[in-house]
Amino acid sequence: MKIRPLGNKVLVKPKESETKTTGGIYIPDTAKEKTQEGEIVAVGPGALDEKGNKTEMPVKVGDKVVYESYGGTELKIEGVKHLIFDIKDILAKVE
């Protein structure tokens, strides 16, 4: 399945949560923290400004990003969790 976000939306694949602590203790799924990092999988074309010009998206496919903890819409693509965000919910790029 191929998903193409519209407007100012981006599709993000969240980073997997750690399953083991640095001390070697395994963390159960119920105790894992919700991740706020991921990789951009698809980018929308951008929104239109007041004059009808398309605004450039500040991220591209492959960028690693940090996003709002409770933003986005969750969906599964071929059994893998993904999130669709408005570009304003992306807080930073990870370099």
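The values are calculated or read from the model by the stated rules, or taken from the named source; none is laboratory data. Source: prediction; values computed, not measured. Ideal geometry is used to build each Cβ from the backbone, glycine not excepted, and the neighbour counts take in all protein chains shown.
Here are some notes:
- Being part of a strand (DSSP E or B) and among the β-branched types (Val, Ile, Thr) is a property that does not hold for residue 59.
- Note on segment 45-90: residues that are of a type in the set (Asp, Glu) and in contact with a Gly (Cβ under 7 Å, 6 or more places away or on another chain) total 2.
- Tally, over segment 75-95, of residues that are more than 23 Å from residue 58 (Cβ to Cβ), part of a strand (DSSP E or B) and among the charged types (D, E, K, R): 2
- Looking only at residues of segment 30-88 that are surrounded by 14 or more Cβ atoms within 10 Å (Cβ to Cβ) and free of Cβ contacts under 8 Å to residues at least 24 places away in the same chain, we find that the one that is nearest to residue 6 (Cα to Cα) is 71.
- Residues in segment 81-95 that are at pLDDT below 90 and closer than 14 Å to residue 14 by Cα: there are none.
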